[in-house]
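What follows is calculated from the coordinates using simple rules that are stated; it is not laboratory data. In this text the structure is predicted, and so the values were computed from the model without any measurement. When we count neighbours, we look across all protein chains shown, and the Cβ atoms used for this are built from the backbone with ideal geometry, even at glycine.
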Amino acid sequence: MNKPSVVFLNKICKQFPLEIGGIQQVLFDITFDIKSGEFVAIMGPSGSGKSTCMNIIGALDTASSGTYELYGKDISTLSPDDLATIRNEYIGFVFQNFNLLPKRNILDNVMLPLMYRGISINDRNKRAHEMLSLVGLEKFESYLPTQLSGGMKQRVAIARALSGNPKLILADEPTGSLDSKMGNEILKFFKKLNTDMGITIIIITHEFEIAQYANRIIHIYDGHVTYDGPIPKNEQSLLKSEQRYKK
């Protein structure tokens with residue numbers, strides 16, 4: 001039985017106006033789908049368009065043309081308020097720089113997405129306790145983010161992403177602020193979430209070593225999808241796929 005699509009991008013293009021006049025096109029006819037329970041890496045060099053693609057998937061931005069369906073619902077033309085609701089209900093975000101509130105303890109940080117849903121304080125507390133326990137930080141609930149290591153901060157960010165029981169976790173360069181050892185631990189945790197809990201995970205990265213933790217790579221270069229498939233044996237296969245788009 002085929003699993004449903006979580007993300008379906010169909011001929012997505014994105015343009016930005018230039019201050020000197022004219023436009024810059026960043027994405028060209030991007031088309032792919034991601035099924036429920038997949039672990040996918042969207043990979044590409046700096047300036048490739050992968051971050052713009054991530055913003056569209058995360059309902060942080062909209063395409064100039066094309067359609068985007070999230071769990072079968074076309075969200076391409078929704079208002080900013082409706083997109084905010086979609087983000088809160090469907091997507092958990094994990095960012096490179098953690099994006100934690102520095103003056104609030106980590107329990108409050110994890111509860112934050114639930115507050116926007118109007119969930120009672122008791123239920124918010126219970127869910128945040130559960131998620132911090134899941135990432136092994138139940139003894140640090142009263143700590144401020146500034147009192148934690150980088151790896152611990154990222155685990156708080158993962159707990160926050162999980163607190164709303166999202167259908168999709170979108171992780172933007174989640175190990176970029178961590179040393180290699182802690183980065184590997186975070187990636188292994190993502191793998192465990194995907195394997196044990198069946199959560200659909202998309203990681204945005206420019207590093208092949210990180211992309212290898214996923215089960216599939218979508219490679220973007222100069223705004224085009226140049227490869228979409230299983231993890232290749234080496235990065236050279238991805239670099240070769242860029243050739244027809246190089247100027």
With -39,500 (n - 2.57) per DSSP H segment of 4 or more residues and division by the full residue count of the chain, the 222 nm estimate, nearest 500 deg cm²/dmol, is -10500 deg cm²/dmol
Hull surface over four for the Cα convex hull of segment 52-108, reported in nm², is 5.0
Counting only residues 5 or more apart in sequence or on a different chain, those whose built amide H sits under 5 Å from that of ILE42 are ILE203, ILE204, THR205, ILE218
By the Cα gyration tensor axes a ≥ b ≥ c (a/c under 1.5 gives rounded; else a/b larger than b/c gives prolate, otherwise oblate), the shape of segment 160-247 is prolate
Rounded to the nearest whole number, the Stokes-Einstein translational diffusion coefficient of the chain at 25 °C and 0.890 mPa s (Kirkwood radius, C-alpha pairs) in µm²/s is 131
A student applying the Cα gyration tensor rule (rounded when a/c is under 1.5; otherwise prolate if a/b is larger than b/c, oblate if not) would label segment 173-221 oblate
Computed curve, segment 113-184, Cα-only Debye sum without solvent term, log₁₀ I(q)/I(0) at 0.13 Å⁻¹, is -0.41
Per the rule of 0.36 nm per residue minus the C-alpha distance, extending LYS246 to PHE16 adds in nm 80.7 nm
Residues meeting the amide H criterion for VAL7 (H placed from the backbone, H to H distance under 5 Å, 5 or more places apart or on another chain) are ILE34, TYR71
Among beta bridges assigned by DSSP with both residues in segment 5-245, the antiparallel ones amount in percent, to the nearest 5, to 50
The summed charge of the PRO166 Cβ neighbourhood (under 11 Å; Lys/Arg +1, Asp/Glu -1) stands at +2
